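Heads up, the thing below is written out as structure tokens.
The values are calculated or read from the model by the stated rules, or taken from the named source; none is laboratory data. For clarity, every value in this text was computed on a predicted model and none was experimentally measured. Please note: Cβ atoms are built from the backbone with ideal geometry, for glycine as well, and neighbour counts cover all protein chains shown. Accessible surface is based on the protein model in full, side chains and every heavy atom, while ligands, DNA and RNA are left aside. Shrake-Rupley method; radii C 1.70, N 1.55, O 1.52, S 1.80 Å.
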Amino acid sequence: MLPTPHIETTNKEEIAKTVLMPGDPLRAKFIADTFLEDVKQFNSVRNVLGYTGTYKGKRISVMASGMGMPSIGIYSYELFKFYDVENIIRIGSCGGYTPDVKLYDVILAKDVWSESSFAKVQGGYESDIIEGTEALNQRLKKYADELGIPMHVERIHSSDVFYRENYEEYKEIYAKHGCVAVEMEAFALFHNAKVLEKNAACLLTVSDNLATHEATTSEERQNAFTNMMKIALEMAE
Ligand code: HPA
């Protein structure tokens with residue numbers, strides 16, 4: 001069954017058991033260039049760049065997910081099901097729904113609420129909340145502690161829509177569901193991990209805040225999220 005439609009390597013061994021997944025292919029390249037040694041590229045299909053290397057002497061891969069649940073749904077499924085990947089840690093950006101989460105704060109998604117049909121369509125899952133893998137979350141909390149990086153552990157919102165006609169809707173989602181921030185991928189990633197009996201976690205850095213209207217530039221987004229990356233890189237094994 002290898003290669004898959006979206007990943008070109010025919011050798012499973014080229015991908016580590018743990019994959020970090022930023023949305024942006026250039027962020028995957030930045031992580032490989034900045035933090036990894038003995039790097040080998042294993043994917044370039046659609047410019048969705050994937051690399052494996054070592055961090056502090058231990059193996060880890062990094063591959064982009066693209067934006068949105070359909071995209072991360074494809075890549076995470078192929079990695080889990082066909083390349084024997086065990087752990088995927090999404091490392092992304094998010095929009096804060098409350099002034100309590102400030103620009104550049106790191107959030108670990110304890111669980112995710114979504115109005116998306118992804119989980120129902122993919123596997124008949126009816127709930128609108130899915131949890132990340134507790135064992136991964138415990139490890140990520142420990143690494144954040146050891147590195148002295150403060151981290152919120154909260155429920156987030158996965159949305160299919162970036163540009164909503166009703167901008168104010170976020171207030172209701174925060175009040176009703178307790179989501180402190182919004183991104184567009186975790187619900188599909190957590191669902192795929194669940195149905196395939198694999199592990200997934202989601203670390204986010206706040207890139208903008210809907211309540212305070214603060215925002216970072218796209219250049220800052222690409223390069224300045226190193227705290228979150230350092231926590232996730234400790235997953236190398
Ligand atoms: N909405 C959805 N996804 C996001 C946002 C946002 O405001 N910011 C970063 N990712």
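Can you give me the relative contact order of the stretch 108-237 as a percent, contacts being Cα pairs under 8 Å and 6 or more apart?
Working: 158 pairs, mean separation 40.6, N = 130.
Computed value for the stretch 108-237: 31 percent relative contact order.
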**Message:** Rg and Dmax in Å for the chain, alpha carbons only: what are they?
**Reply:** 16.6, 49
**Asked** Of Phe35, Ile149, Phe118, which is farthest along the charge dipole of the chain in the positive direction, counting Lys and Arg as +1 and Asp and Glu as -1 at C-beta?
**Response** Phe35
**Request:** Under a cut-off of 15 Å between alpha-carbon atoms, report the aspartates and glutamates in cross-link reach of Lys110, not counting same-chain residues fewer than 8 places apart.
**Result:** Asp128, Glu131, Glu134, Glu154, Glu183, Glu185
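Suppose we keep just the DSSP beta bridges with both residues in the stretch 18-122; what percent of those would be antiparallel, to 5? Numbers along the way, then the final one.
On the way: 10 of 16 bridges.
Bridges in the stretch 18-122 are about 60 percent antiparallel.
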**Per-residue ³J(HN,Hα) for the stretch 119-131, Karplus 6.51 cos²θ - 1.76 cosθ + 1.60, θ = phi - 60°, Hz, x for Gly and Pro** = 5, 5, 5, 5, x, x, 6, 8, 6, 9, 10, 10, 8
**Asked** Quick one: with all protein chains in place, what share of the accessible area of the stretch 106-214 is carbon or sulfur, to the nearest percent (1.4 Å probe)?
**Response** 50 percent
**Fill in**
HN-Hα couplings for the stretch 200-206 via Karplus (6.51, -1.76, 1.60; θ = phi - 60°), in whole Hz with x for Gly/Pro, come out as 9, 9, 9, 10, 10, 10, 6
**Request:** Between Lys56, Lys12, Lys40, find the one with the highest GNM mean-square fluctuation for the chain; connect C-alpha pairs within less than 10 Å.
**Result:** Lys56
**Message:** Defining a contact as two alpha carbons under 8 Å apart and six or more residues distant in sequence, what relative contact order in percent does the chain show?
**Reply:** 26 percent
**Asked** When ligands, DNA and RNA are left out and all protein chains stay put, how many square angstrom of accessible area per residue does the chain have with a 1.4 Å probe?
**Response** 45 Å²
**Message:** Skipping prolines and chain starts, which residues have an amide H placed within reach, meaning under 5 Å, of the one on Asp105, given they are 5 or more residues away or on another chain?
**Reply:** Val206
**the stretch 93-125 versus the stretch 141-160: alpha-carbon centroid distance in Å** = 12 Å
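Could you sort 188-194, 16-22 so that the peptide with the highest average Cβ count within 10 Å comes first and the rest follow in order?
On the way: 188-194: 26.7, 16-22: 24.6.
Listed from highest to lowest mean packing, they are 188-194, 16-22.
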**Complete:** Projected onto the charge dipole of the chain (unit charges on the beta-carbon of Lys, Arg, Asp and Glu, signs +1, +1, -1, -1), the Cα from Leu49, Thr18, Met63 with the largest positive-side position is that of Thr18
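Could you work out [θ]222 nm for the chain from helices alone, using -39500 (n - 2.57) per DSSP H run of at least four and dividing by all its residues? Round to the nearest 500 deg cm²/dmol. Don't skip to the answer; put the middle values down first.
Numbers: 8 runs with 78 residues, N = 237.
Taken over the chain, the calculation gives -9500 deg cm²/dmol.
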**Fill in**
Dividing the mean separation of Cα pairs under 8 Å (6+ apart) by the residue count of the stretch 12-121 yields a relative contact order in percent of 30 percent
**Prompt:** To the nearest 20 debye, what is the magnitude of the charge dipole of the stretch 12-233 about its Cα centre, counting +1 on the Cβ of each Lys and Arg and -1 on the Cβ of each Asp and Glu?
**Reply:** 680 debye
**Item:** J(HN,Hα) series, the stretch 228-237, from Karplus relation 6.51 cos²θ - 1.76 cosθ + 1.60, nearest Hz, glycine and proline x
**Value:** 4, 5, 5, 4, 5, 5, 5, 6, 4, 8
